[in-house]
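Only one structure is covered here, and it is reproduced in the block below.
Taken together, the values in this text are just the output of simple stated rules run on the coordinates, not laboratory data. The structure displayed is predicted, hence computed values, not measured ones. Cβ sites come from the backbone with ideal geometry, for glycine too, and all protein chains shown count toward neighbours.
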Amino acid sequence: MKKWTLLTLPLILGGCLNVSVETFEAPQQSSAQQLSRIKAVTSADARAFVEQAEQELETAAEYVGHAAWLSSTYINSDSQFVSGKAFQEYSLLSVKFAKQAALYDHLDLDSTLRRKLQRLKMELSFPAPDDKALAGELADLGLQMESMYGSGEYCNDDRCFSLEDMTQIMAESRDAGFLQEIWQGWRQVSPPMRDLYQRQVQIATDGARELGYDNLSDLWRSKYDMTPQEFSADVDAQWDKVKPLYEALQCHVRAELKDHYGNDVVPDSGKIPAHLLGNMWAQTWGNVYDLVKPEGHEQSYDLDQLILDSGMDEMGMVRTGEKFFTSLGFEPLPQSFWERSQFLKPRDREVVCHASAWNVDNVDDLRIKMCIQKNAEDFQTIHHELGHNFYQRAYNKQSYLFKASANDGFHEALGDTVALSMTPSYLVELGLLEQEPPVEEDLGYLMKMALNKIAFLPFGLLVDKWRWQVFSGELKPEDYNKGWWQLRQRYQGISAPVARSEADFDPGAKYHIPGNTPYARYFLAFIQQFQFHRALCEDMGYEGPLHRCSIYNNRQAGEKLQSMMTLGASQPWPDAMEALTGQRQLDATAIIDYFAPLMAWLEEKNQGRQCGWSADSKLMAESS
Ligand code: X8Z
Ligand code: ZN
């Protein structure tokens, strides 16, 4: 089944139980009848119910998996129709079981059964109400928005640009005017999504209420083995810890960009115009490394160039990624992976290019879907996606409701953890680099890493801060874009390069909003991956600086990872965290330790600079 985009549906080919669904049709009964039933149900009934639910959901999910693969890799009205039906069917089934799960709330059940019943209630991110028409409408809305995003393009008088073209321009161009045009151009994709999004939220909110949640925000924040309030407090606490690092980086990058582009382009507000950071959403800044690199400590190699010079093609990049995992002791990917994955953007049809990893049958039909470009960013993304696939395979012996990661941050962290080991010494081992660079270059390496990892943190946090506000009703539809830019300013210290208004719907220009993929998972992952990296390095007896440690070829590290991955979602996430790191909590000290040498350099470099930014009120008309 498709994972990590529209739905999160694990599945398994379980045995068929001879229990009639009729047995569990509680909602139609009167409350007196229900009460007598509640008294009557036993833990054996609960067990049979869960097995039945797992088996039926598994069958439906496999169908969704195939249909969704088609609708993402061949966007047309037929594939959308079929996929819509499959989502509708799955949604209704899942909601039915989620409601019935409440029948067993009062029973004293073993922890595994109790956990499965809980997971049944929070399986869907956007649950439909128990109504066929609304379930169909909800499925169609999601598919419509995802296909609008997938087929989005921007055309000026000269030519049309795909998102991949625009991604490359954002990365490489240093022409502020052109960057602004492209930044604005891509955002034409989303105003037509605004009403659809509002409707989608409305329907799914009703669905969440039927399942007993106050709103979708509570549902989304309930998936972390703690209360929604505790979860919000935890992510805020982590953010507070890493904020000084982000603020130091933002200050340095702003100063260097101002030197390069001048005062007209980079204003005095302290914020950075969002089109100058090398990325369409200003979420990672590695592409402006050349403008902000630490003088005297520059990296002598450029991974983009090394990849091009090596002659490695896109498939070769994936093979190299696979080799990292097999060096840790993981089994090679199945032949079907190579036959069924989408590595390149097809020339003849529209597809959703945003990278994703799939396990279509939740056994071993593993695939990635990408439109790979031969560059370092996509090389890293390949490792990210393969991390999903190897995780999916590691827990495929779990039962359906536990075929997931410990929490969604773990899934996102796995491949990134591996990619933290793509150190210069690893590149030498691969034959991409001739010799290991001297230690003086470490600051350059750390700067490049920070531009991708530290710069991401506030973005990773704010996307769902925005959605939580929307879902709870705190942010009204007429303020969707204003609320978005308030968060962008406050957390990232960036500003829109041209005036924005409620005629725009800028959140919709980021894949995960139309694609309905929760985003706090990436914030967690960016903290966790350093925790995982540090634990694995310590475990293998490594004693040097963390940024020079590579787990490549280390079976012990592989076994540690496996021990966490095979658990799937069967245990509360602190147990899985403990299996790998010995710690039971998120711990930002690992990312702080990793970047300590860079932080020291930044603090010195920023002396005399005016750091920080004002969260001014001219949010929507700011033209910097
Ligand atoms: O969406 C992704 C992955 C697929 S799960 C490519 N990421 C986030 C993004 O691109 O916005 C990875 C990092 C953040
Ligand atoms: Zn991912």
What's the percent breakdown of Cα-Cα distances in the chain across 20 Å bins, shortest bin first? 19, 55, 24, 2
Residue separation times 0.36 nm, minus the C-alpha to C-alpha distance between GLU538 and ASP264: what's the value? 93.8 nm
Using the reciprocal of the averaged 1/r over all distinct C-alpha pairs, how large is the Kirkwood radius of region 230-361 in Å? 19.4 Å
Degrees separating the helix 31-40 axis from the principal Cα axis of the chain, which is the longest one: 90 degrees
Expected unfolding gain across THR42-SER472 under the 0.36 nm per residue rule, minus the alpha-carbon gap, is 151.2 nm
Relative contact order (%) - region 134-202, alpha-carbon pairs under 8 angstrom, separation at least six: 39 percent
Degrees, to the nearest 10: 555-565 long Cα axis against longest axis of the chain: 40 degrees
For a quick check of your reading of the filter: which trypsin sites (Lys or Arg not before Pro) in region 101-182 sit in a DSSP loop and have no more than 12 other Cβ atoms within 10 Å? ARG159
Note down the net charge around ASP504, summing +1 for each Lys or Arg and -1 for each Asp or Glu among other residues with Cβ under 11 Å from its Cβ. +2
With point charges of +1 on the Cβ of Lys and Arg and -1 on the Cβ of Asp and Glu, referenced to the Cα centre of the chain, which listed residue (VAL41, LEU57, TYR542) lies farthest in the positive direction of the dipole? VAL41
Where Rh denotes the Kirkwood radius from the mean inverse Cα pair distance, what is Rg over Rh for region 120-241? 1.11
Which number do you get for Rg(Cα) / (2.2 N^0.38 Å) in region 70-121? 1.66
One checks the Cα atoms of region 113-160 and finds Rg and Dmax, in Å, of 18.1, 61
How far is helix 520-539 tilted off the main Cα axis of the chain, in degrees rounded to 10, range 0 to 90? 80 degrees
If we count other beta carbons within 10 Å of each Cβ, what is the order of ARG548, ARG467, fewest first? ARG548, ARG467
Long-range alpha-carbon pairs in region 197-245, meaning those over 11 Å apart, account in percent for 70 percent
The chain - share of DSSP beta bridges that are antiparallel (%, nearest 5): 75 percent
Where does each of 403-413, 436-446, 317-327 land if you order them by average Cβ count within 10 Å, highest first? 403-413, 317-327, 436-446
Backbone HN-Hα couplings from phi across region 331-347 [Karplus 6.51/-1.76/1.60, Hz, Gly and Pro as x]: 5, x, 5, x, 3, 4, 4, 6, 7, 9, 5, 10, 9, 10, 6, x, 7
Contact order normalised by residue count of the chain, Cα under 8 Å, 6+ apart, percent: 19 percent
Against the rule of thumb 2.2 N^0.38 Å, how large the Cα Rg of region 216-296 comes out: 1.47
By the mean-Cβ-within-10 Å protection proxy, highest first, 270-278, 43-51, 420-428 rank as 270-278, 420-428, 43-51
Two-decimal ratio, region 49-168, of alpha-carbon radius of gyration to 2.2 N^0.38 Å: 1.38
Charge dipole of region 408-476 about the Cα centre (unit charges at C-beta), most positive-ward option of LEU451, PHE410, VAL463: VAL463
What residue among ALA509, PHE325, SER425 has its Cα farthest toward the positive end of the dipole of the chain, where the charges are +1 on Lys, Arg and -1 on Asp, Glu, each on the Cβ? ALA509
Counting Lys +1, Arg +1, Asp -1, Glu -1, what net charge surrounds ALA419 among other residues with beta carbon under 14 Å of its beta carbon? -3
Summing -39500 (n - 2.57) over every DSSP H run of at least 4 in the chain, dividing by its residue total and rounding to the nearest 500, the 222 nm mean residue ellipticity is -17500 deg cm²/dmol
With the cut-off at 1.5 for a/c, could you classify region 351-508 from its C-alpha gyration tensor as rounded, prolate or oblate? oblate
Neighbour-count order for THR417, THR59, fewest beta carbons within 10 angstrom listed first: THR59, THR417
Row for region 541-590, column shape: gyration tensor on C-alpha, a ≥ b ≥ c, rounded if a/c < 1.5 i.e. under 1.5, prolate if a/b over b/c, else oblate; value oblate
Computed E for GLU164/PHE81 - FRET, C-beta separation, R0 30 angstrom, nearest 0.05: 0.65
Name the long-range amide H neighbours of LEU328: under 5 Å, sequence gap of 5 or more, or other chain; modelled H, no Pro or chain starts. ASN553
Long-range share for region 474-547, i.e. C-alpha pairs more than 20 Å apart as a percent of all pairs, stands at 52 percent
For region 146-199, the Cα gyration tensor yields equivalent-ellipsoid semi-axes (√(5λ), largest first, whole Å) of 23, 11, 10
Tell me, ASP157, ASP575 in order of fewest to most beta-carbon neighbours within 10 Å? ASP157, ASP575
